[in-house]
Amino acid sequence: METFWPSARIGRGLRAWAVAAAASLAVAAPARADFPYEQEPINYLTAPTDDPVARLQKRIDKGEVDLGHEGNDRGYLKGLLEALKVPPESQTLVFSKTSFQPSLISPKKPRALYFNDDVYVGYVQGGDVLEVSAVDPKLGATFYVLDQRKSERPEFVRQTHACLLCHASGKTQEVPGHLIRSVYPGRSGLPVYNAGSFVTDPSSPFPERWGGWYVTGTHGRQRHMGNVVVTNSVHPTRLDTEAGANRTNLKGLVDTSPYLTGHSDVVALMVLEHQIQVHNFITLANYQARSGAYYDRGINKALGQPAETVSEGTTRRIDSHAEKLVAAMLLSGEAKLTDPVAGTSGFAERFAAAGPRDRKGRSLRDLDLRTRLFKYPCSFLIYSEAFDALPAPMKERVYRRLREVLTGAETGPAFAHLSADDRRAILEILVDTKPDLPDDWKGLVEPR
């Protein structure tokens, strides 16, 4: 399994990570020697970052924030989550050996992952560092590590090349991004690579999800790959999924006392899958629009054309990637739930409470969890900094397509999962809660 954490070559994890990375890359897209986003206009490696972690570092440097240190193995974990407003209820536990610290990870000592809308934090028992990833509005996923040794002024160290080996491939839309994998884990946590693996997103069938993860929560007759390991080396895909089903706690599987909670919440995992996918498509749309504009500037100058001329190629590029983003935001292709799902950590309640809400009290963060993830299937990431930072031509096209779908002008199969009531509710919620909607959205809903 690959998850979304930095593949940084640090400390005692170096040699073990190199072995794990080599095995992982055997089933992933091959690394390329040259990435277009290393160059103009993206300049991923050299552009200054402006993500929540970079902003926190500035506050630490000014003495405005004290992360605190627990003086034990958890180190800065609790203080970091508090400073970045990452809820402990988001905790999920992954026990496959796919981090750069694989020697420290096993079914008995899983890696804990925590997240909010734009930050991800990884903690490994006995690890030298905390693994941190954030979403930069212009650069997409940015990766850092934080030394766990107590320091007068903690410092996040950005990671680039090593992380991009796994975090910039076809599985992340060819941009620096995040991904979740489901594998067939051996007893030690090492994936059985010849058994194959699955990239997990909202379209993934329930039975292919969460191999190598712990999962707490109920899900009826549906079965997943979590909470169990391979016991049949001849037929590694024959997991005892019944043994891992509908667990409301992890007693007998792992000692959770070293972690902030005893949960690895199924609802948190489902939200995480959606969020990662949409973040990647937002980054892709951003890169494509900026690259098209950069190309056009060069062509216009060379041909003596007006600077604002937009080529047909750039128009097609914007249309294509706006369509991909809109489909992801509206959960096109989402696998249906056949039984209700419920978490155990309180994540669902905390997530839904974050709003914003329309005049009828509805929110895009309201969860369904009976037949699908969201009650109103439109991504809450429409409120994110990354979405707001989309170049104007791309955002304009995304808004136009959203309006066409939500008003019923678009009735294609990609959006057939949205009922007339769904479309109307999402439209009303957005009109009430998204201030920067274009003028042509005005009048679609009766004024307050």
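Taken together, the values in this text are just the output of simple stated rules run on the coordinates, not laboratory data. As the structure is a prediction and not an experimental result, all values here were calculated from the model. Counting neighbours? That spans all protein chains shown, and the Cβs are built from the backbone with ideal geometry, glycine included.
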Once Lys and Arg get +1 and Asp and Glu get -1 on their Cβ, which of Thr283, Ile299, Ala268 lies farthest toward the positive end of the dipole of segment 267-326?
-> Ile299
Nearest 10 degrees, 0 to 90: what angle lies between the long axis of helix 312-329 and the longest principal axis of the chain (Cα atoms)?
-> 50 degrees
What is the helix-to-structure angle for 266-303, meaning the angle in degrees between its Cα long axis and the longest Cα principal axis of the chain, kept from 0 to 90 and rounded to the nearest 10?
-> 40 degrees
Arrange the following residues from fewest to most other Cβ atoms within 10 Å of their Cβ: Leu330, Leu369.
-> Leu369, Leu330
Contact order normalised by residue count of the chain, Cα under 8 Å, 6+ apart, percent | 14 percent
Long-range HN-HN contacts of Asp368 with modeled amide H, under 5 Å = Phe374, Lys375
How far is helix 420-433 tilted, in degrees, relative to the longest principal axis of the Cα atoms in the chain, given as a value from 0 to 90 rounded to the nearest 10?
-> 90 degrees
Going through Lys78/Lys171; Lys395/Lys434; Lys336/Lys395; Lys78/Lys251 one by one, the pairs whose alpha carbons sit over 21 Å apart turn out to be Lys78/Lys171; Lys336/Lys395; Lys78/Lys251
Would you mind working out the magnitude of the charge dipole of segment 282-376 relative to its Cα centre, with +1 at each Lys and Arg C-beta and -1 at each Asp and Glu C-beta, to the nearest 20 Debye?
-> 280 debye
Near His417, within a Cβ-to-Cβ distance under 11 Å, what is the net charge of the other residues, with Lys and Arg +1 and Asp and Glu -1?
-> +1
Computed magnitude of the charge dipole of segment 267-441 (debye, nearest 20; Cβ of K, R +1, Cβ of D, E -1) | 120 debye
If amide H atoms are modeled at 1.01 Å from N in the peptide plane, then the residues at a separation of 5 or more from Gln159, or on another chain, having amide H under 5 Å from its own are Phe143, Tyr144, Val145
Cα-derived Rg over Rh, computed across segment 360-448 with Rh taken as Kirkwood radius = 0.94
Too long at a 28 Å Cα-Cα cut-off: which of Lys85/Lys442; Lys85/Lys324; Lys62/Lys108; Lys324/Lys375; Lys58/Lys108?
-> Lys85/Lys442; Lys85/Lys324; Lys62/Lys108; Lys58/Lys108
